[in-house]
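Below is one structure; the comments refer to it alone.
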Amino acid sequence: MTRAAVFALFLIGLLSCAELPEQDDPVIIPGLPSMAAIADSLNQAGAISLKWSIQDSQTVVHAKPLAVDWKKEFQAFLKDDVNKLRFKDAYTITDEQVGADRVVRFEARTKKQEIRSVEYTLSNRKLTHYRIVKKRDNLLSSSEQSFTYTGNSYVLAIDQRIPTLFSNTQYVQGSILPKGKVWRVLFDLGDDKMPALMIEQEDGLLIKNGDELLRFSKDGNNDRYVSEYFNAYFQWNTNSDTLKTGTWVNAKYDQQRVIEVSAHAGSYARFDVTETVDTSAIDLQGDHRMLFMNQDGQQHDTVLLSLMQNHHIVHGSVLTPTGDYRYLAGVIRNDSLLLSSMDGTHCYYFKAEIDGSSLKGVFKAGKTWRQEWEASLGVNYELPDAEQLTSIRSNERFNFQVTDMNGKQWSLDDDRFAGKPVLVSIMGTWCSNCLDETRFLQEVQDRFGSSIEILALDFELVSDSNKAIENIARYKQSLGIEYPILLAGLKTNKQKVQRVLPALSAMVSYPTLIVLDNQHEVVRIHTGFSGPATGGHYYDDFRKEYLQLIDSISKT
């Protein structure tokens with residue numbers, strides 16, 4: 001290393017490490033955890049790190065899963081705490097509560113502050129998102145650093161420069177995984193192998209699907225692992241310490257659907273990538289109009305492809321008028337885009353060629369479904385209003401008559417619903433969009449308690465009532481559901497739903513949420529559900545709007 005480079009490193013360190021003296025300042029906002037506390041909790045849980053980095057702007061380096069000292073991993077930002085009384089006048093502070101989520105933001109009032117912004121999101125007082133941005137500019141050097149933590153991932157970006165003497169650019173992204181053995185799983189879709197990541201633990205398996213970890217519990221002493229939500233399971237054969245083969249069985253229908261799978265230890269990238277990837281000329285960030293084609297190559301459906309790009313890594317979802325394709329994750333490989341999702345009940349695989357401002361490719365769902373698609377980058381598409389797809393027939397009053405497993409009849413005329421707003425969910429335990437809505441409705445139940453009533457009408461795809469009741473029991477237990485879920489139909493289709501609920505103009509999609517006031521007049525009908533995979537412009541906006549709506553009708 002030259003003397004100039006040594007001096008540059010020293011100077012940057014000197015400029016970026018200056019700190020105020022330690023003071024016993026009280027905090028401005030109580031209850032905001034420090035990164036040091038987060039690092040301690042990760043160390044205590046034995047969390048492991050699976051990460052990749054960018055070197056020389058192009059070279060991608062993947063590391064094997066490691067047990068790390070999280071205080072050392074997060075060291076650069078452990079002491080950066082602007083939640084102190086001495087900083088009160090230096091930052092604009094906002095504190096917003098949306099349901100169980102609390103969002104606190106600190107924004108620097110001037111560029112004199114090295115820490116430009118800090119944002120916390122807490123859900124039920126647990127930190128789920130943290131982001132800090134630091135900048136320093138003067139005549140001699142510039143430095144910009146950012147750190148983002150999401151509960152199960154983290155990103156560190158550093159850009160330090162001294163003109164003509166020195167530049168230092170680093171980029172690291174890591175997944176925070178529970179303790180266990182990491183495998184790369186390949187689902188055999190015929191001429192394609194769809195990848196996912198799996199963590200093997202003593203009592204079960206976890207499938208990493210975007211920002212969620214889906215649990216499959218070990219069934220006895222054999223190698224069968226059952227989904228905690230869906231009627232689906234893995235059956236494994238252990239071939240060696242580095243290879244497993246077996247099947248994934250989806251039993252949501254009477255006729256089971258089986259896909260051969262293999263799991264490989266020692267390969268940790270979801271999609272293999274070449275070591276050198278230059279994505280500087282490819283920008284997939286944003287919302288793009290997407291067309292699904294029919295067998296004749298003609299336009300069949302128009303939907304929205306929403307993507308986030310992070311160098312060669314891409315994630316997002318496909319949004320349709322009735323729901324989303326949940327968490328899609330993948331890579332840019334040369335001039336191709338590859339995305340996959342395994343959400344416990346679906347295997348989705350997208351691949352496409354990138355040609356300037358367009359994408360053209362193939363979508364596969366399981367072993368049998370294949371459909372061509374294309375997307376126009378940067379061309380937005382306005383989805384139909386989810387509140388205009390389903391309505392109540394004129395001169396009809398919404399109601400239902402359902403008999404539960406104990407022979408008790410339920411309807412809106414029951415005493416338990418009298419004088420209360422009621423939320424009725426038309427759903428199925430086999431439906432992944434319904435899973436997202438169920439989590440939202442349980443949040444509603446936790447917040448509003450007995451001031452409202454929630455009821456789910458479950459329409460199962462199987463014909464065996466005993467199996468359907470087992471599905472409901474598993475679903476309620478794993479999600480901690482406190483409101484009733486009633487079996488309303490077997491081997492169902494949309495026509496059968498309308499026979500149970502004749503007041504509906506049509507049954508368009510699972511789930512469908514019907515919001516009734518305390519007189520049981522319909523306030524809103526929301527068709528489908530776009531969940532957390534769709535991010536701020538969709539799920540977050542829906543959640544905020546409907547929590548406010550439910551709050552207003554619960555007070556009347």
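We did not get these values from a lab; they are worked out from the coordinates using the rules stated. All values derive from a computational prediction rather than experimental measurement. All Cβ positions, even for glycine, are placed from backbone atoms using ideal geometry, and neighbour counts span all protein chains on display.
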Exercise. How high is the FRET efficiency between T368 and V98 when r is their beta carbon distance and R₀ equals 30 Å, given to the nearest 0.05?
Worked result: 0.15
Exercise. What shape does the range 402-554 take by its C-alpha gyration tensor, where a ≥ b ≥ c are the square roots of the eigenvalues and a/c under 1.5 counts as rounded, a/b above b/c as prolate, and the rest as oblate?
Worked result: rounded
Exercise. Rounded to two decimals, what is Rg over Rh for the chain when you use alpha-carbon atoms and the Kirkwood radius?
Worked result: 0.99
Problem set entry | the range 481-556 and the range 300-368: distance between their alpha carbon centers, rounded to Å | 27
For this session: Could you pull out every residue, at least 5 positions away or on a different chain, whose amide H is within less than 5 Å of the one on A232? Hs are placed 1.01 Å off N in the peptide plane, and Pro or chain starts have none.
Result: S227, A251
Exercise. Relative to the Cα centre, what is the charge dipole magnitude of the range 455-548, using +1 at the beta carbon of each Lys and Arg, -1 at the beta carbon of each Asp and Glu, and rounding to the nearest 20 debye?
Worked result: 320
Exercise. Rounded, prolate or oblate: which one fits the range 180-383, using the alpha carbon gyration tensor with axes a ≥ b ≥ c (rounded when a/c is under 1.5, else prolate when a/b beats b/c, else oblate)?
Worked result: prolate
Exercise. Where in the chain are the helices, taken as whole DSSP H runs, whose Cα atoms extend 18 angstrom or more along the long axis and whose Kyte-Doolittle mean reaches at least -0.5?
Worked result: 3-16, 541-554
Exercise. If contacts are Cα pairs under 8 angstrom and at least 6 residues apart, what is the relative contact order of the chain in percent?
Worked result: 10
Problem set entry | Residue order, fewest to most surrounding Cβ atoms within 10 angstrom, among K181, K135 | K181, K135
Seminar exercise, completed: The exposure ranking of L307, L66, L389, fewest beta-carbon neighbours within 10 Å first, is L66, L389, L307
For this session: Go through the range 330-432 and name the trypsin sites (Lys or Arg not before Pro) that are in a DSSP coil and have 11 or fewer other Cβ atoms within 10 Å of their Cβ.
Result: R397, K408
Exercise. How large is the dipole of the chain about the Cα centre if only Lys and Arg carry +1 and Asp and Glu carry -1, each at its Cβ, rounded to the nearest 20 debye?
Worked result: 620
For this session: Only helical DSSP H runs with n ≥ 4 go in: add -39500 (n - 2.57) per run for the chain, normalise by residue count and round the 222 nm mean residue ellipticity to 500 deg cm²/dmol.
Result: -4500 deg cm²/dmol
Exercise. Is the shape of the range 69-208 rounded, prolate or oblate, going by the alpha carbon gyration tensor and its root eigenvalues a ≥ b ≥ c, with a/c under 1.5 for rounded and a/b larger than b/c for prolate?
Worked result: oblate
Problem set entry | Mean Cβ count within 10 Å, highest first, over the residues of peptides 206-215, 102-111 | 206-215, 102-111
For this session: Would you work out which of I485, L337, I207 lies farthest towards the positive end of the dipole of the chain? Charges go on Cβ: Lys and Arg +1, Asp and Glu -1.
Result: I207
Exercise. What pairs from K51/K351; K64/K544; K126/K367; K84/K135; K88/K135; K218/K544 go past 30 Å between their alpha carbons?
Worked result: K64/K544; K126/K367; K218/K544
Problem set entry | Average Cα contact separation per residue, the range 402-554, under 8 Å, 6 or more apart, as relative contact order % | 29
